[in-house]
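See below for the structure under consideration.
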Amino acid sequence: MRISYGYCGIMTWEFEHSIVTSAKKQIIWELYSRVESWTIWDHGIESVSLEGEFKEGVHGKIKPEGQELLSYKITLADPEKGFSDETVIDNLGATIEFIHTFSSLSDGKTRLINHITVNCPDKEEMEKEIGNGISSGVPKTMENVVRMAVFIEKICKLQ
């Protein structure tokens, strides 16, 4: 976790977590690009929807557990590299960017990285309400995605 001061009093909070898995990035992409699956592996989400195809510029709605419904926008969608999305929380003046990347490693495994950036004018609010709340579940959520991807690959091999 890193906090820095930006322009016009805006604070930037960053968090990154990575995991290596035997699951292929194509399966991980399928899980990410089907937003209806997010609530299965991300237990911090009550509901999520997308207003079209999973591609850059498309908007959706997400309801984090115990919070209000928020709008988000897909800012990048690349089946070979990953995706990113951005959520603006107007009442806090905050912008949250989630960057999910994956890459194939030379040993046949896949590295999955989740990088979160929060920009907010209120440092205390950013850390307490946004940053720590979001980042605390990231490692478990990434483990869930990986477990599900490995399970899907095993099932596919049985067919």
Let me know the Kirkwood hydrodynamic radius for region 23-107, please, with Cα pairs as the basis and the value in Å to one decimal.
13.6
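To one decimal place, what Kirkwood hydrodynamic radius in Å is obtained for the chain from all pairs of distinct Cα atoms?
Numbers: mean 1/r = 0.0611 Å⁻¹.
Here the Kirkwood hydrodynamic radius works out to 16.4 Å.
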If one takes the longest principal axis of the Cα atoms in the chain, at what angle in degrees, from 0 to 90 and to the nearest 10, does the Cα axis of helix 138-158 lie?
20
At Val20 and Ile152, where each label point lies 7 Å from the Cα along Cα→Cβ, what is the point-to-point distance in nanometres?
2.3
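Laboratory data are not the source of any read-out in this text; all were calculated from the coordinates shown. Owing to the predicted nature of the structure, the values given are computational and were not obtained by experimental measurement. FYI the Cβ positions are ideal-geometry reconstructions off the backbone, even for glycines, and counts take in every protein chain you see.
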